[in-house]
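Here the structure comes first, spelled out in structure tokens, and everything after it is commentary.
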Amino acid sequence: MTEIAGCKNLTKIYSGKGKVKALDDFSISVQPGQIFGLLGQNGAGKTTFIKILLGIISHTSGSYSLFGSEHPEHLVKTRVGYLPENVAFPEVFTARQNMEAFAGFYGMDKQATIKRTGELFDMLGLNKIADRRTKTFSKGQNQRLGLARALLHDPDLIILDEPTDGIDPVGRKEIRTILQDLRSRGKTIFLNSHILSEVEMITDSVAILHKGKLLRTGSIDELTAETSGYEMKLSRTLTMEEENSIVYLEKTGENSYRYNGSDIEGLNKMIDKVRVLDVLIHEIMLKRSNLEDLFIKTISSDEGGKK
Amino acid sequence: MKGLTQSIVFFFKHIYRSKSFWVTVGGIVVMFLLTWGISASVFNNIPPGTKEGKIIATYDLTSINLLNGMAQLMVYIGLFAVAINVNSVVKRGVLDLFLSLPVRRWELLTGAFIAGILFELVVLAIVISGSWLIHSSVFGIFYGENLHWGLLNLLGFVVMFHLVLFLSFGFRSPIAGLLVAIAYAVVVSSILFVARELTMTSGNAVLRETVNTLYWILPKSAEFANPFFMSSQNLPEGHILKLVLSTIFFIFTVFGLTIIVFEKKDH
């Protein structure tokens, strides 16, 4: 399948006082119809990647593509909806006037703009403030309007940089529902976020970026499975010799052990080995790690490796 | 070209919806009141029995000074209105929205430039035509040549200021704006001004006319200071003082404008 967006060995160095390597040999591939989450701490290079993809800033080396084109023309952007981080609007316009003013750039006529604006304002709860100047908007209201603007021209690829920043929990749930609905309609969503619990709920694939470097990429299930395991309570403590004879078994406490693997076949083999030692298994429980565990572990091991 | 048209429409709407638009409208009203006050005062001071030729000469002189002065003040008001508008667009978050649009960067920049100039020209056309009409009505004399001259003369100033302002916008730096202003004022404008002064009395008609034509075609920062600093052209030292003062005035105006554009903004 042709990727919607992606990059190969992409590097971006911000020149000037004290050069900063924002992206370092970064490669990812976003497939059509998926919700892709790019995770990373502040300053990891997430926004830099989006800006390169949209032609807002230039890259230093490597390549990137948008809708299959390695040198995307400006018109490709008619297929992209973008919500920037800390979005702001020209303050002289009301919310509705902002939508109308931007619609012209996408070649939308007045009737289509009015209809689409109405639909989006209904969906995002913006009707009550539709005729207020954006100057008076709270951060959450700006974010909602930003999302409405990003969806205005019904784009195929929606790029959202911290979309739920400043939005209350009810609003976050609404946005999740909207994004899931968009995916079901075949749209591709690229999400930059550091709110891992939310990303875990909706994304199909993620990439973890740290100090410009790609540390991990894959589906949430694949990645969390690697750090998942089984916790066991045994009838007695194993001797050092017994413990060493069973691969992937790790002592976690008094008579407690952890099997660092999530495959059933491996688990059963381990149980056979324990039973041979004439030890009773009192309890066995799958401990699935979440995205936050994976993220922290990945970042920590990278930091540790560097030290 | 569709992107350029959209940019012009967007920025024109942006100016029209802003508070500075109403400040400009207020400025126009004040200019008309001032014109009426000055014209009426001059007309009422003409002694009874003055010959018609002298009345026409008074009308002519007042007309030139009025149109020049009013319109130049309006150029400033309009320029600040445009600068304040550009300022609200180059904020972080807003700028990213613009740059993600399916429009080339030069189309956005040129669109903003053309919208600003169009706004200024509309404002100036109203101020000059209105002032001319008020002044002419007070005197009961309607000389179309003065109106024609007033409109043409100010076109250059509008283009010059916008050019410098938007060059600095393109470089995203008030310092760049300052440097462009210095370059223009010191190099282009001053050379033109001095060349015209030197060749004004030259016997070489071709040279004199060429320099004079260039002087009137190209926008001149020096000329801009006319009603503010040196109305007397008689003293030889007045020319130099006018040149120095107007150059400083021009540079600081452009620098001020670019600071308004870029103040407190994270780019």
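The values are calculated or read from the model by the stated rules, or taken from the named source; none is laboratory data. From a predicted model like this one, the values you see are computed outputs, not experimental measurements. With ideal geometry, Cβ positions are generated from the backbone for all residues, glycine too; neighbour counts draw on all protein chains shown. Only protein heavy atoms, including side chains, enter the accessible area calculation; ligands, DNA and RNA are left aside. Shrake-Rupley method; radii C 1.70, N 1.55, O 1.52, S 1.80 Å.
Have a look at the stretch A:75-101 and report residues whose accessible surface goes down by 50 Å² or more when the remaining protein chains are included, against the chain on its own, probe 1.4 Å, ligands and DNA/RNA excluded.
Flagged in the stretch A:75-101: A:Lys77, A:Ala88, A:Pro90, A:Val92, A:Phe93.
Given an 8 Å cut-off on Cα distances and at least 6 residues of separation, report the relative contact order of the stretch A:99-161 as a percent.
Contact order relative to length: 40 percent.
Could you give the longest part of chain A that holds none of the GluC sites (Glu not before Pro) found in DSSP loops with at most 14 neighbouring Cβ atoms within 10 Å?
Longest site-free region, per DSSP loop and neighbour criteria: A:74-253.
Can you give the FRET efficiency for B:Ile191 and B:His148, using 1/(1 + (r/R0)^6), R0 = 25 Å, r = Cβ-Cβ distance, to the nearest 0.05? All intermediate terms of the calculation are to be shown ahead of the outcome.
Working: r = 28 Å, r/R0 = 1.11.
Computed FRET efficiency for B:Ile191 and B:His148: 0.35.
Which value, in debye to the nearest 20, describes the size of the charge dipole of the stretch A:260-303 about its Cα centre when Lys and Arg Cβ atoms bear +1, Asp and Glu Cβ atoms bear -1, and nothing else is charged?
180 debye
Rank these by accessible area, largest first, 1.4 Å probe: A:Ser27, B:Ser137.
Output order, biggest surface exposure first: B:Ser137, A:Ser27.
In whole percent, what relative contact order does the stretch A:196-307 give with Cα contacts below 8 Å and a gap of six or more residues?
The value is 32 percent.
What are the aspartates and glutamates whose alpha-carbon lies under 15 Å from the alpha-carbon of A:Lys8, with same-chain residues fewer than 8 places away excluded?
A:Asp24, A:Asp25, A:Glu70
With a 1.4 Å probe and every protein chain kept in, tell me what percent of the accessible surface of the stretch B:97-160 is carbon plus sulfur.
Solvent-exposed carbon and sulfur of the stretch B:97-160 make up 75 percent of the total.
Is there a pair in A:Lys110/B:Lys13; A:Lys110/A:Lys135; A:Lys12/A:Lys213; A:Lys115/A:Lys187; A:Lys12/A:Lys211; A:Lys21/A:Lys46 whose C-alpha atoms are over 18 Å apart, and which pairs would that be?
A:Lys110/A:Lys135; A:Lys115/A:Lys187
From the convex hull of the Cα coordinates of the stretch A:260-307, what is the mean projected area in square nanometres?
Average of the hull's projected areas for the stretch A:260-307 equals 4.9 nm².
Could you check the simple spin-label distance between A:Glu243 and A:Met201, using points 7 Å along Cα→Cβ, in nm with one decimal?
About 4.0 nm, to one decimal.
Would you please give the residues with an amide H less than 5 Å from that of A:Leu209, counting only those at least 5 places away or on a separate chain, with H modeled from the backbone geometry?
Long-range HN contacts for A:Leu209: A:Leu39, A:Gly40, A:Leu215.
Give the residue from A:Ile208, A:Leu223, A:Gly266 lying farthest towards the positive end of the charge dipole for the stretch A:171-307; charges sit on Cβ (+1 for Lys and Arg, -1 for Asp and Glu) and the dipole is referred to the Cα centre.
Final value for the positive-end residue is A:Ile208.
Counting only residues 5 or more places away or on other chains, whose amide H sits under 5 Å from the amide H of A:Ile159 once H atoms are built in the peptide plane?
Placed amide hydrogens put A:Gly81, A:Tyr82, A:Leu83, A:Phe190 under 5 Å from A:Ile159.
Roughly how many Å is it from the Cα centre of the stretch B:68-115 to that of the stretch A:169-242, as a whole number?
With the stretch B:68-115 and the stretch A:169-242 each reduced to a Cα centre, they are spaced 44 Å.
Show me, for the stretch A:284-292, the HN-Hα J-couplings you get by feeding each phi into the Karplus relation (A = 6.51, B = -1.76, C = 1.60, θ = phi - 60°), rounded to Hz, glycine and proline as x.
For the stretch A:284-292, the Karplus-derived couplings read 9, 9, 6, 10, 7, 7, 9, 4, 5 Hz, x marking Gly and Pro.
Measure out, as a whole number of angstrom, how far apart the alpha-carbon centroids of the stretch A:102-141 and the stretch B:34-50 sit.
That distance is 55 Å.
Kindly tabulate the residues in the stretch A:31-65 with an accessible-area decrease of at least 50 Å² between the chain alone and the assembly of all protein chains, using a probe of 1.4 Å.
A:Ile56
How much solvent-accessible surface does B:Phe21 expose, in Å² to the nearest 10, with a 1.4 Å probe and all protein chains in place?
40 Å²
Order A:Tyr259, A:Tyr248 by their accessible area, 1.4 angstrom probe, all chains in place, largest first.
Ranked list, largest accessible area first: A:Tyr248, A:Tyr259.
Cα-based Rg of the stretch A:89-221 per 2.2 N^0.38 Å, rounded to two decimals?
Here the answer is 1.12, to two decimals.
How far apart, in nanometres, would the label points at B:Leu61 and A:Asp221 be if each is projected 7 angstrom from Cα along the Cα-to-Cβ direction?
Inter-label distance under the simple model: 9.4 nm.
Mean residue ellipticity at 222 nm from the helices of chain A, using -39,500 (n - 2.57) per DSSP H segment of n ≥ 4 over the full residue count, to the nearest 500 deg cm²/dmol?
About -11000 deg cm²/dmol.
With every protein chain left in place, what is the accessible area of B:Thr58 in Å² (1.4 Å probe, nearest 10)?
In the full protein context, B:Thr58 sits at about 40 Å².
Give me the one-decimal nm value for the distance between modelled label points at B:Ser129 and A:Arg132, 7 Å along each residue's Cα-to-Cβ direction.
For B:Ser129 paired with A:Arg132, the spin-label model returns 4.1 nm.
How long are the semi-axes of the ellipsoid equivalent to chain A, from square roots of 5 times the Cα gyration tensor eigenvalues, in whole Å, largest first?
With the √(5λ) rule applied to chain A, the semi-axes are 46, 23, 17 Å.
Over the heavy atoms of A:Lys211, what accessible area does a 1.4 Å probe trace out, to the nearest 10 Å²?
My reading of the accessible area for A:Lys211 is about 110 Å².
In the stretch B:92-127, which trypsin sites (Lys or Arg not before Pro) fall in coil by DSSP and have 15 or fewer other Cβ atoms within 10 Å?
B:Arg92
For B:Trp132, B:Trp149, write out the residues from largest to smallest accessible area, computed with a 1.4 angstrom probe and no ligands counted.
So the residues, ranked largest to smallest area, are B:Trp149, B:Trp132.
Under the rule of at least 5 residues apart or a separate chain, name every residue whose amide H is placed under 5 Å from the amide H of A:Thr203.
Close amide H contacts, sequence-distant or interchain: none at all.
Let me know the whole percent of all Cα-Cα pairs from the stretch A:177-307 that are separated by more than 24 Å.
Values: 3929 of 8515 pairs.
Result for the distance tail: 46 percent.
Give me the angle, in degrees from 0 to 90, between the Cα long axis of helix A:169-184 and the longest principal axis of the Cα atoms of chain A, rounded to the nearest 10.
The two axes meet at around 90 degrees.
What's log10 of I(q)/I(0) for the stretch A:25-143 at q = 0.13, 0.15, 0.20 Å⁻¹, Debye sum over Cα points only, no solvent?
-0.69, -0.89, -1.24
What do you get for the angle between helix A:139-151 and the principal long axis of chain A? Use alpha-carbon atoms, 0 to 90 degrees, nearest ten.
So the inclination is approximately 80 degrees.
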